[in-house]
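K.L.:
I am attaching a structure below and will ask some questions about it afterwards.
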Amino acid sequence: MANEEFYQEAVQAILDSDRATAEDVAKRALAAGLSPADIMQNGFVKGISEIGELFDSGEVFLPELMMAADAMAGATEVTNAALLSAGGAAEAKGKIVIGTVQGDVHDIGKAIVIAYLKANGYEVTDLGRDVAAATFIAKAKELSADVIGMSALLTTTMEEQKKVIKVLKDEGLPFKTVVGGAPATQRWADQIGADAYAEDANDGVKKIDALLGK
Ligand code: B1M
């Protein structure tokens, strides 16, 4: 089966909100030799982005969006498991605490970022979603983290990234910060004083490697 056919099946499984098929396509694509990143970026992410556009234009509603997200979560679990079994350095390159900011429950992208970081030798603590600024900071202190990663998918909740960074600066705390999520940009990161902006999971690993000199 050609790669293009796997991509199309992956997009369709998300459009159909069909979790079982999404998982099955992910497994078959990996067994056929596609990388987790390839089938995710060229297939499943395209599907969920299409659903997002249909939602934006009022052609689908929240229940459909939620079911499509569930199918996406199934595919992500399969590809992330493959990433994790493939990689991981013997000794951690650094400690990362990561979460989706307060008021925001989008966590599919964060799960992918976590899998990439772990596969690339980082010790990652997932704080989950809807994480308060105080929790990011308390956990980073408790674990002596090197980096705090913050995901935000809403233009309203990205302000929370700014809030965390302000507290860190006010208190003179040493943790490096990386911001990501669809509305975040390099310009936003510069504006709020984040140490780095990551466009996607791969970029997240690169930016953290650079911040920690790895
Ligand atoms: Co929501 N949603 N949603 N949603 N949702 C968006 C974000 C939206 C753009 C859809 C749209 O209107 N077109 C829109 C936001 C508009 C805006 O703010 N400008 C929106 C809205 C409005 C909402 C609600 C308000 C809807 C409502 O209730 N009326 C609501 C908000 C709930 C809340 O959070 N309080 C809501 C709810 C939901 C669901 C729960 C149904 C579901 C999320 C399920 C889940 O995550 N468990 C959902 C989904 C699925 C989406 C879309 C369709 C897809 C998001 C996604 O998973 N993308 C989304 C539209 C879109 O983004 N195209 C949309 C795939 C994922 C792989 O990409 O998350 O960008 P992404 O992650 C990437 C990078 O951004 C980066 O790496 C990742 C991997 O490559 N990255 C990081 C992300 N975090 C990082 C952290 C890092 C580094 C890199 O730190 C180191």
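The values are calculated or read from the model by the stated rules, or taken from the named source; none is laboratory data. Predicted model only: the values in this text are computed from it and were never measured. Cβ: placed from backbone, ideal geometry, glycine included. Neighbour counts: every protein chain shown. Keep in mind that these areas ignore ligands, DNA and RNA; they rest on the heavy atoms of the full protein, side chains included. Shrake-Rupley method; radii C 1.70, N 1.55, O 1.52, S 1.80 Å.
K.L.:
Being of a type in the set (Asp, Glu) and either within 11 Å of the ligand (Cβ to nearest atom) or open to solvent by less than 40 Å² (accessible area, probe 1.4 Å) (or both) narrows it down to one of 77, 123, 91, 64, so name that one. Even if it seems obvious, please write down each step before you answer.
P.N.:
Working: 77 fails: either within 11 Å of the ligand (Cβ to nearest atom) or open to solvent by less than 40 Å² (accessible area, probe 1.4 Å) (or both); 123 fails: either within 11 Å of the ligand (Cβ to nearest atom) or open to solvent by less than 40 Å² (accessible area, probe 1.4 Å) (or both); 91 fails: either within 11 Å of the ligand (Cβ to nearest atom) or open to solvent by less than 40 Å² (accessible area, probe 1.4 Å) (or both).
From the options 77, 123, 91, 64, the qualifying one is 64.
K.L.:
Moving on to the next point. Looking at 137, 98, 114, can you tell me which residue is touching a strand residue (DSSP E or B) at 6+ places or on another chain (Cβ under 7 Å), open to solvent by less than 20 Å² (accessible area, probe 1.4 Å) and assigned to a helix (DSSP H, G or I)?
P.N.:
Details: 137 fails: touching a strand residue (DSSP E or B) at 6+ places or on another chain (Cβ under 7 Å); 98 fails: assigned to a helix (DSSP H, G or I).
That would be 114, the only listed residue that is touching a strand residue (DSSP E or B) at 6+ places or on another chain (Cβ under 7 Å), open to solvent by less than 20 Å² (accessible area, probe 1.4 Å) and assigned to a helix (DSSP H, G or I).
Yes/no matrix, rows are residues, columns are (1) closer than 20 Å to residue 201 by Cβ; (2) at pLDDT below 95:
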residue: 1; (1), (2): no, yes
residue: 19; (1), (2): no, no
residue: 36; (1), (2): yes, yes
residue: 71; (1), (2): yes, no
residue: 75; (1), (2): yes, no
residue: 87; (1), (2): yes, yes
residue: 90; (1), (2): no, yes
residue: 93; (1), (2): yes, yes
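K.L.:
Looking at 18, 56 in this structure, which one is crowded, with 16+ Cβ neighbours inside 10 Å and of a type in the set (Asp, Glu)?
P.N.:
Details: 56 fails: crowded, with 16+ Cβ neighbours inside 10 Å.
18 is the lone residue from the list that is crowded, with 16+ Cβ neighbours inside 10 Å and of a type in the set (Asp, Glu).
K.L.:
Next question, about the same structure. Given the residues 185, 157, 100, which is the only one that is within 12 Å of the ligand (Cβ to nearest atom) and over 26 Å from residue 37 (Cα atoms)?
P.N.:
On the way: 185 fails: over 26 Å from residue 37 (Cα atoms); 100 fails: over 26 Å from residue 37 (Cα atoms).
Just a single option satisfies the conditions, and that option is 157.
K.L.:
Tell me which residues, restricted to segment 188-214, are in a helix (DSSP H, G or I) and more than 11 Å from the ligand (Cβ to nearest atom).
P.N.:
Within segment 188-214, the first condition is being in a helix (DSSP H, G or I), and the residues that meet it are 188-192, 201-212.
Across segment 188-214, the qualifying residues are 188, 190, 191, 192, 209, 210, 212.
K.L.:
Starting from residues that are assigned to a helix (DSSP H, G or I) and touching a strand residue (DSSP E or B) at 6+ places or on another chain (Cβ under 9 Å), keep the ones in segment 101-111 and report whichever is least open to solvent (accessible area, probe 1.4 Å). Break it down stepwise before answering.
P.N.:
Let us first name the residues in segment 101-111 that are assigned to a helix (DSSP H, G or I), namely 108-111.
Narrowing the set further to residues that are touching a strand residue (DSSP E or B) at 6+ places or on another chain (Cβ under 9 Å) leaves 109-111.
On the way: 109: 45, 110: 9, 111: 35 Å².
Ranking the qualifying residues of segment 101-111, first place goes to 110.
K.L.:
Here is a list of conditions, (1) among the β-branched types (Val, Ile, Thr); (2) touching an Asp or Glu at 6+ places or on another chain (Cβ under 6 Å); (3) within 24 Å of residue 22 (Cα to Cα), and residue 76 meets all of them except one; can you say which number that is?
P.N.:
So residue 76 meets the others, but not (2).
K.L.:
Which count do you get for residues in segment 153-187 that are in a loop (DSSP other than H, G, I, E, B) and closer than 19 Å to residue 207 by Cβ? It would help to see each step written out before you state the result.
P.N.:
Quick first cut of segment 153-187, residues in a loop (DSSP other than H, G, I, E, B) only: 153-158, 171-175, 181-185.
Restricting the remaining residues to those that are closer than 19 Å to residue 207 by Cβ gives 153, 158, 174-175, 181-185.
Counting residues in segment 153-187 that are in a loop (DSSP other than H, G, I, E, B) and closer than 19 Å to residue 207 by Cβ gives 9.
K.L.:
Determine the pairs where a residue that is surrounded by fewer than 24 Cβ atoms within 10 Å (Cβ to Cβ), located within segment 142-153, has a partner that is of a type in the set (Asp, Glu) with Cβ atoms under 8 Å apart, the partner being 6 or more residues away or on another chain.
P.N.:
From residues that are surrounded by fewer than 24 Cβ atoms within 10 Å (Cβ to Cβ), the pairs are 153/104.
Quick grid of which residues meet (1) of a type outside the set (Val, Ile, Thr); (2) over 19 Å from the mean Cα position of the chain (by Cα); (3) within 11 Å of the ligand (Cβ to nearest atom):
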{"residue": "136", "(1), (2), (3)": "yes, no, no"}
{"residue": "145", "(1), (2), (3)": "yes, no, no"}
{"residue": "152", "(1), (2), (3)": "yes, no, yes"}
{"residue": "162", "(1), (2), (3)": "yes, no, no"}
{"residue": "165", "(1), (2), (3)": "no, yes, no"}
{"residue": "175", "(1), (2), (3)": "yes, yes, no"}
{"residue": "180", "(1), (2), (3)": "yes, no, yes"}
